[in-house]
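Student: Below you will find the structure I want to go over with you.
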Amino acid sequence: MDTQLIIDNQYVPASNGSTFTREHPVTSKVVTTAVAGTVQDVVKAADSAAAACKSWSQTSPSGEGGGAGVRRIRAWRRHADNDPRHGHARHADL
């Protein structure tokens, strides 16, 4: 199985073309070749997600506008902002 990154709803390779493989533990046969994303890829994906969030945050499961989605994002941001592992995370301002 081969995998790629999904950025802007498009399957894309790593910006530098790097991949890595996962082997079956018994047979040592390669079972997955995956993209080894770079920091540039992460920034591009985060920027894409932030841009998409502006319109997504105005929707709801019922299609009646924002609400629960925005609350979930804000809760996630509070968690990320208080978690030292995410001190460098980038996110959209809501």
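The values are calculated or read from the model by the stated rules, or taken from the named source; none is laboratory data. Note that the structure is predicted; figures quoted are calculated from it, not measured. Neighbour counts run over all protein chains shown; Cβ positions are idealised from the backbone, glycine included.
Student: Might you check whether a residue that is more than 13 Å from the chain's Cα centre (by Cα) and at pLDDT below 95 occurs anywhere in the range 43-51? Break it down into steps so the answer makes sense when it comes.
Tutor: Residues of the range 43-51 more than 13 Å from the chain's Cα centre (by Cα): none.
Scanning the range 43-51 turns up no residue that is more than 13 Å from the chain's Cα centre (by Cα) and at pLDDT below 95.
Student: Hey, could you check the range 34-63 for residues that are surrounded by 13 or more Cβ atoms within 10 Å (Cβ to Cβ) and of a type in the set (Val, Ile, Thr) and say which is farthest from Gln4 (Cα to Cα)?
Tutor: Here the residue is Thr59.
Student: Considering only the range 1-46, state which residues are assigned to a helix (DSSP H, G or I) and in contact (Cβ under 8 Å) with a residue 24 or more places away in the chain.
Tutor: First, pick out the residues of the range 1-46 that are assigned to a helix (DSSP H, G or I): 39-46.
If the condition is that a residue be assigned to a helix (DSSP H, G or I) and in contact (Cβ under 8 Å) with a residue 24 or more places away in the chain, then Gln40, Asp41, Val43, Lys44, Ala45, Ala46 are the ones that fit.
Student: Quick one: Gly17 ticks every box in (1) surrounded by 11 or more Cβ atoms within 10 Å (Cβ to Cβ); (2) over 18 Å from the mean Cα position of the chain (by Cα) except a single one, so which number is it?
Tutor: (1)
Student: Against the definition (at pLDDT below 80, loosely packed, with under 11 Cβ neighbours inside 10 Å and not in a loop (DSSP other than H, G, I, E, B)), how does His79 come out, yes or no? Let's see the steps before the verdict.
Tutor: On the way: at pLDDT below 80: yes; loosely packed, with under 11 Cβ neighbours inside 10 Å: yes; not in a loop (DSSP other than H, G, I, E, B): yes.
Answer is yes for this residue.
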